[in-house]
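Scroll down for the structure; my scribbles are underneath it.
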Amino acid sequence: MNAAVFSLILGTATPGGGFPLFGAAYAEALVAQEPQLRIETRNTKGSTENVPLLQAGKLDLGLVAGELASAALAQPGTQLRIVAAMYSSPGMFVVKAESPVRRIADLKGKPVVLGAQGSGITVLDELFLHSLEISFEENSS
């Protein structure tokens, strides 16, 4: 008699970022430990899409940035829960060495371009810059 096979869909993010790489490695490690498990990784728009897809039952697992997970978990009656933490991800602002910018406050009045719209780090950056009253350019990707 064959053992039952369990299939799960894991939402990651847009290709080229850390979530798809982590998701593929995570799925591979889980399947290596549990041969009856099948995990299909699915590229999404990242955390901002994974939360509603999880809530709608269209994903079984989703990679979600901590800030967005915290907001989703704080909603009354949420049916979401954390299974595991992936990694901590420090956000960084990078400028050319010859730039006069030395502190985040030095960015005020200067153009700041963030990453892919909806990615966890971009959402974190938007919240952070907004709190400092620093404007940024919307990315249409």
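The values are calculated or read from the model by the stated rules, or taken from the named source; none is laboratory data. A quick note: this is a predicted structure, and the numbers were derived from the prediction, not measured. No Cβ is skipped: glycine too gets one built from the backbone with ideal geometry, and neighbour counts run over all protein chains shown. The accessibility values were calculated without ligands, DNA or RNA, using every heavy atom of the protein model including side chains. Shrake-Rupley method; radii C 1.70, N 1.55, O 1.52, S 1.80 Å.
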Taking the conditions exactly as written (at pLDDT 95 or above and exposed (fewer than 14 other Cβ atoms within 10 Å of the Cβ)), does Glu34 satisfy them or not?
no
Candidates Val95, Val112 - the one that is surrounded by 14 or more Cβ atoms within 10 Å (Cβ to Cβ) and over 17 Å from the mean Cα position of the chain (by Cα):
Val112
Counting only residues that are surrounded by 19 or more Cβ atoms within 10 Å (Cβ to Cβ), of a type outside the set (A, V, I, L, M) and in contact with a Phe, Trp or Tyr (Cβ under 8 Å, 6 or more places away or on another chain), region 1-24 contains a total of 1
Just the residues that are out of contact with any Gly (no Cβ under 8 Å at 6 or more places or on another chain) and either at pLDDT 90 or above or open to solvent by less than 70 Å² (accessible area, probe 1.4 Å) (or both), please, taken from region 59-73.
Asp60, Ala69, Ala71, Ala72, Leu73
